[in-house]
1. Would you list, by chain and number, the lysines whose Cα falls below 17 Å from the Cα of residue A:71, excluding same-chain residues fewer than 8 positions away?
2. Inside 10 Å of the C-beta atoms of A:93-100, what's the mean count of C-beta atoms belonging to other chains?
3. Looking at the stretch A:8-115, which trypsin sites (Lys or Arg not before Pro) are DSSP coil and have at most 13 other C-beta atoms within 10 Å of their C-beta?
4. What are the lysines whose alpha-carbon lies under 29 Å from the alpha-carbon of residue B:49, with same-chain residues fewer than 8 places away excluded?
5. Could you please report the charge total around residue A:18, scoring K, R as +1 and D, E as -1 over all other residues with beta-carbon less than 14 angstrom from its beta-carbon?
6. Determine the sum of side-chain charges near residue B:44: Lys and Arg each +1, Asp and Glu each -1, restricted to other residues whose C-beta is under 15 angstrom from that of residue B:44.
7. Work from the charge dipole of chain B (Cβ charges, +1 for Lys and Arg, -1 for Asp and Glu, about the Cα centre) and give the residue of B:94, B:112, B:1 farthest towards its positive end.
8. Give me the distance between the Cα centres of the stretch A:67-114 and the stretch B:70-93, rounded to whole Å.
Amino acid sequence: EAGVAQSPRYKIIEKRQSVAFWCNPISGHATLYWYQQILGQGPKLLIQFQNNGVVDDSQLPKDRFSAERLKGVDSTLKIQPAKLEDSAVYLCASSLDGAENTEAFFGQGTRLTVV
Amino acid sequence: AQSVTQLGSHVSVSEGALVLLRCNYSSSVPPYLFWYVQYPNQGLQLLLKYTSAATLVKGINGFEAEFKKSETSFHLTKPSAHMSDAAEYFCAVSGARGSTLGRLYFGRGTQLTVWP
């Protein structure tokens, strides 16, 4: 089966510019996650969707980050305006039902560099 | 609150030697625990998971981990390291209630280097 697809793989922008990332989860997976992985750290959850509804966005910096999951399938994560500290790898993951023992499948990530 | 601590940000072993990567967890409920591996410029791949069925969990690529409640540990081992095992390894615990259900809390990761 096809895995989680993300694009672009790499992005370099200047601070104060905007950027968007796209994620296509595994077909049939109800739960979608966006994680931020800063160099030298483990991934940290930004937002979790169940179908097209938000379950948890408590760690999302809402003054600059936004995310949506239209029709409960694809998702986009946007940053506007970007700051230097947003440089990180943004990982999208999906799972069948979001249960605590269900495997999450990860995409290859988008590496963002803000200069 | 759920959290994990990985002891040692870097571990180096010789090819054929035992691999031991340490993970301790903190959880307010019986935990579900995971080990993921990340190769350079790749996403995370599940190695194994503990879901209370058995304390010794076998995963892919010859890795296994033992859940020890008394020590709040879930260390990852492999009897004989291979060059292809060189990667970063993350321990994670799953959120188990309410809005945290299913989200993963990751440790900082351990970079494994395998010397020929």
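The values are calculated or read from the model by the stated rules, or taken from the named source; none is laboratory data. Here the structure is a predicted model, which means the values were calculated and not measured. Here the Cβ positions follow ideal geometry from the backbone for every residue, glycine too, while neighbour counts run over all protein chains shown. What goes into the accessible areas is simple: the full protein's heavy atoms, side chains included, and nothing from ligands, DNA or RNA. Shrake-Rupley method; radii C 1.70, N 1.55, O 1.52, S 1.80 Å.
1. Hits, sequence-local ones excluded: zero.
2. Working: counts 4, 0, 2, 0, 2, 4, 6, 16.
For this peptide, the per-residue mean of nearby foreign Cβ atoms is 4.
3. A:9, A:15, A:16, A:62, A:83
4. A:44, B:58, B:68, B:69, B:78
5. Working: positive: A:11, A:15, A:16, A:64, A:78, A:83; negative: A:14, A:63, A:86.
Around residue A:18, the surrounding residues sum to +3.
6. Working: positive: A:44, A:111, B:49, B:103, B:108; negative: A:103, B:88.
Here the charged neighbours net out to +3.
7. Farthest along the dipole direction, towards plus: B:1.
8. 25
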